[in-house]
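The values are calculated or read from the model by the stated rules, or taken from the named source; none is laboratory data. Since we're looking at a predicted model, the values are computed, not measured. When we count neighbours, we look across all protein chains shown, and the Cβ atoms used for this are built from the backbone with ideal geometry, even at glycine.
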Amino acid sequence: MDHFELVNGVMHAEQVPLPAIADAVGTPFYCYSTETLRRHARVMRDALSMLDNPLIAFAVKANPNIAVLRLLAREGLGADVVSEGEMRRALKAGVDPKKIVFSGVGKTDGEMRAALATGILQLNVESEGELRRLSAVATTMGATADIAIRVNPDVDAGTLAKISTGKAENKFGVPLDRVEALYAEAASLPGLRPVGIAAHIGSQLFDLTPLEAAYTKLGALVSRLRAAGLPVERVDLGGGLGIPYDPKLPLPPSPADYGAMVARVTAGWAVRLMFEPGRLIAGNAGILVSRVVAVKTGATRTFLVLDAAMNDLIRPTLYGVYHDIRAVQPRSGDMVATIVGPVCETGDMFAEDRPITPVHEGDLVALMTAGAYGATMAGTYNSRPLVPEVLVDGGRYAVIRERQTLDELLALDRIPDWLDN
Ligand code: LLP
């Protein structure tokens, strides 16, 4: 659920009418609801409340805005990070380093050093080479890295190929049959303390079956590791729970269903469980608000040309996925429109032949469910500056990331000496 509702015919974010924000900050802009973010953090926490001291580490990649991270940190969430940049954001937001997990398939030596210097909870290691490099880095620092081995359980998550991560052919994790040897090697290498295992099989999952299959494999692995005399204290179960984007489709499994499955499958493991939800927390807590620049009648269809484009919200272009699109002040009646951005690519399309209430030039529209993998995946293609992010809390709002100016966008380029005349 979210807190973007019509009040007297005008879409509000909590108690703030969206046109008021548009007037103040211009369009396009991302808008987040504090209440929705909080609610999702609490729903997840409640769903896992039967577990002993679980760690919920928000997947920062979904929405790395520091204000958002601070809000979630105040709800008790930690952070799952995949780069030094994400770690720095989490720290700046006030996330306790002992609630930070460093995942990712290609950590550099510099990132390892930064993680160890910070004293984060653990690093999830994804290959033999990475394990040995981490041992060397930790040893030169006189540090000990608590590590988990990320397992590739070879399970088909049943989601889009581009966001599946747990199949044998995917780049992520260590093949299941090599984990025991690597775990034993970790226990013997200096500078490392293996504390557990981790898995994340994919994102936007609409079925608990593949998750259960993966977790079952992890449970058997925990037993085998212990039988080999290797201690296992923690298991990181990753993220991946799907959320509703298309109101016409059946709902995904609820966090409560997920929690019940986890409790059943992991009973008796005697470990601390960790979770890395991203989309579930942030997805429906954000929208992208855009103004209609043109209503264009083509030869075969009507186009709504927005001032937002694929560079601002790339998911429809990249994955061909659905985002609900609604008029902020709906007019009566209906139309069918192909909703596009102004970027010079045919793929710059948010929706094709989509039924929508009639929209005129100058109207505002909201692209829903854009709080996860929205602003964070934006780029500046066609020299379009990054758009601002606004956080609403009840009747107040604040810009939590400024709109990038054209001067800022241009300022990084340099003319070499030999062209400078
Ligand atoms: N943990 C790890 C190690 C991950 O790789 C991911 C997501 C998560 C947790 C969080 O997954 P979530 O709970 O959000 O499903 N850009 C794509 C999604 C890519 C997800 C990558 N990894 C999209 O827009 O759909």
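Pick from segment 23-81 the residues that are assigned to a loop (DSSP other than H, G, I, E, B) and of a type in the set (S, T, N, Q): which of them is surrounded by the fewest Cβ atoms within 10 Å (Cβ to Cβ)? Step through it out loud before you land on a result.
Here is the first cut: in segment 23-81, the residues assigned to a loop (DSSP other than H, G, I, E, B) are 26-28, 48-54, 63-65, 75-77.
Restricting the remaining residues to those that are of a type in the set (S, T, N, Q) gives 27, 49, 53, 63, 65.
On the way: THR27: 21, SER49: 10, ASN53: 6, ASN63: 28, ASN65: 22.
Ranking the candidates gives ASN53 first.
Against the condition surrounded by fewer than 18 Cβ atoms within 10 Å (Cβ to Cβ), within 16 Å of the ligand (Cβ to nearest atom), among the small types (Gly, Ala, Ser) and in contact (Cβ under 8 Å) with a residue 12 or more places away in the chain, how does GLY347 come out, does it pass?
Details: surrounded by fewer than 18 Cβ atoms within 10 Å (Cβ to Cβ): yes; within 16 Å of the ligand (Cβ to nearest atom): yes; among the small types (Gly, Ala, Ser): yes; in contact (Cβ under 8 Å) with a residue 12 or more places away in the chain: yes.
Against the criterion (surrounded by fewer than 18 Cβ atoms within 10 Å (Cβ to Cβ), within 16 Å of the ligand (Cβ to nearest atom), among the small types (Gly, Ala, Ser) and in contact (Cβ under 8 Å) with a residue 12 or more places away in the chain), GLY347 qualifies.
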Which number in (1) charged (D, E, K, R); (2) buried (at least 19 other Cβ atoms within 10 Å of the Cβ); (3) more than 16 Å from the ligand (Cβ to nearest atom) marks the one condition that GLU233 misses? (2)
Among VAL179, VAL137, VAL105, VAL174, which is in the same structural domain as LEU221 (by TED's automatic domain parsing) and under 22 Å from the mean Cα position of the chain (by Cα)? VAL105
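Residue-wise test of (1) away from the ligand (no atom under 15 Å from the Cβ); (2) buried (at least 16 other Cβ atoms within 10 Å of the Cβ).
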position: ASP146; (1), (2): yes, yes
position: LEU160; (1), (2): no, no
position: LEU176; (1), (2): yes, yes
position: ALA181; (1), (2): yes, no
position: ALA186; (1), (2): yes, yes
position: PRO194; (1), (2): yes, yes
position: ALA199; (1), (2): no, yes
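Would you call MET112 under 20 Å from GLY240 (Cα atoms) and at pLDDT 95 or above? Before you say what the answer is, go through the steps one by one.
On the way: under 20 Å from GLY240 (Cα atoms): no; at pLDDT 95 or above: yes.
Answer is no for this residue.
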Restricting segment 286-333 to residues that are in contact with a strand residue (DSSP E or B) (Cβ under 6 Å, 6 or more places away or on another chain) and assigned to a loop (DSSP other than H, G, I, E, B), the residue that is surrounded by the most Cβ atoms within 10 Å (Cβ to Cβ): ALA308
Complete set of residues in segment 140-153 that are part of a loop (DSSP other than H, G, I, E, B) and in contact (Cβ under 8 Å) with a residue 24 or more places away in the chain: ALA143, THR144, PRO153
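Among the residues of segment 162-174 satisfying the criterion of being more than 17 Å from ASN124 (Cβ to Cβ) and crowded, with 16+ Cβ neighbours inside 10 Å, which is nearest to the ligand (Cβ to nearest atom)?
The first filter runs over segment 162-174 and keeps only residues more than 17 Å from ASN124 (Cβ to Cβ), leaving 162-164, 167-169.
Narrowing the set further to residues that are crowded, with 16+ Cβ neighbours inside 10 Å leaves 163-164, 167.
Values: ILE163: 5, SER164: 10, LYS167: 14 Å.
Only one residue fits best here, namely ILE163.
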